[in-house]
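The values are calculated or read from the model by the stated rules, or taken from the named source; none is laboratory data. In this text, all values refer to a predicted model and were calculated from it rather than measured experimentally. Reconstructed Cβ throughout: ideal geometry from the backbone, glycine too, with neighbour counts over all protein chains shown.
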Amino acid sequence: MEAALEVLGFKKAGEDVRPISRVVVDLAFRICDLTILGLIGLVAYFVRQLADTELHYPLYLGAILLAMVIATPMLHRFDVYRDDFMFSKRIPFGSLCAAWTVTFCILLAAAFLAKLSDSYSRAWALSWFVCGGVGLAVGRMALRQWVQGLSLAGRFANRTVIVGAGEQGCRLAGYLQRHGDANTRLIGFVDDRATRVTPQGGGLPLLGSVDHLIDLIRRDQVDQVIIALPWTADARLREVVGKLEKTPVPIRLAPDVAAFSFPDRRFTTVGRLPMMQLFERPISGWSFVAKSLEDRLLAIGLLLALAPVLAVIAVAIKLDSPGPVFFRQKRYGFNHNLFDCWKFRTMHHHLTDATAEVLTRRDDDRVTRVGRFLRRTSLDELPQLVNVLKGDMSLVGPRPHATSAKAAGRLYEEAVDAYAARYRVKPGITGWAQVNGWRGETDTLEKIQRRVEYDLFYIEHWSLGLDLKILLRTAFVVLGDREAY
């Protein structure tokens, strides 16, 4: 064990550097933000005083100090000090501006209620507000560079030891080395059974037994311990935990081997037992309410606005060929339930294909003259607004396909393993796949595979903003698309 410690550098003075606490970084960010707001307020005051020497310094200083007091909880409330903001390249410009705006509005309200608003220069207040927002953004960019420099130098990495050098421990070590972040630096294994060490240990040394690990912790040379023992080894797990629970470092229990097949999954508590969340119902809770309101309100508005267009299309279909105006087709919707999908009829009535055994192709003889125009402009889909009102569909979502639709001669469900995951949400009149070019005939497996990839991306990243973006892009795609026929 001593040789291993010398290899790690623990024996050499000055080389075993403890990681910088996240509390220090958090405090630096908070002090920087408040200092920027205070200094900009003072600078704006002194600049304004050059033109108006009658400004009362104590009054302005009080407003600046009050702003700093109010900004402290506001910045925290808008989550600008989350780790994913402080330690990543992403900068929360929106959250910073929102927190400062709310703070400033509270100040204005306080000045109005105290009948002091006339005592302050409007030019000073406006310049402080604008420059304060810019200053917060610039300060955050500077701090980000500082934090990233420290991160690259490994100053936030917790010195981590894995308990268990068997298959599970080595697999964990390999995973952390490939996907680890700046928070973890593996320094080795400990295991009471030296023979358990495998060649796949990622080059990490065996530091000794669990008792040796406790000694390392006492000497302040370990910041974190991860237990990587099989969950079936209940007695051994309890023994190891019993020894380590008396130490002051965080002790983690690594997932069992099967969990490596489902990385990036969160844990939840059910009956006080931790359980891995493999999948959640997408677009649920308030998100479901928001999307439902979006669908109903927009569908009603579109039906009213497009009523003359719908009437003209109906007349054109009747004049062009005999048969009904509308065409109903069974399609799979939410939770794999069948529903009647409404469309304007675009084929000769005696040639319609209710199950889409044969997909429509370019220059298909079954399509009428009016039908070609409707398909090319996607106007044949407009009756699906009724499906939206009924709750069978959404305006935006994965497009519903006919029950017998095929790609390269194979049913969609057989062509793509994850195809059925599209049924986790309501189908849509338009979707993320369609506005990215994956619409029209699916004559190759790649086309349906790519379409499903985009559909699943939409399900995982849904937001009202994404829906509106898709709806806006749909108009341009329809006008310029040549894949629909």
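Some points to look at:
- Filter result (at pLDDT 90 or above and among the small types (G, A, S)) within segment 69-109: A71, A98, A99, A109
- Within segment 452-467, residues that are closer than 15 Å to M393 by Cβ have Cβ atoms under 7 Å from residues that are at pLDDT 90 or above and among the aromatic types (F, W, Y) in these pairs: D455/W432; Y458/W432, counting only partners at least 6 apart in sequence or on another chain.
- Among the residues of segment 250-267, at least one is of a type outside the set (G, A, S), in contact with a helix residue (DSSP H, G or I) (Cβ under 9 Å, 6 or more places away or on another chain) and at pLDDT 80 or above.
- Qualifying residue in segment 400-422 (condition: farther than 19 Å from L456 by Cα, under 29 Å from the mean Cα position of the chain (by Cα), of a type outside the set (S, T, N, Q) and outside any helix (DSSP H, G or I)): no
- Residue within segment 448-458 that is part of a loop (DSSP other than H, G, I, E, B) and among the charged types (D, E, K, R) present: no
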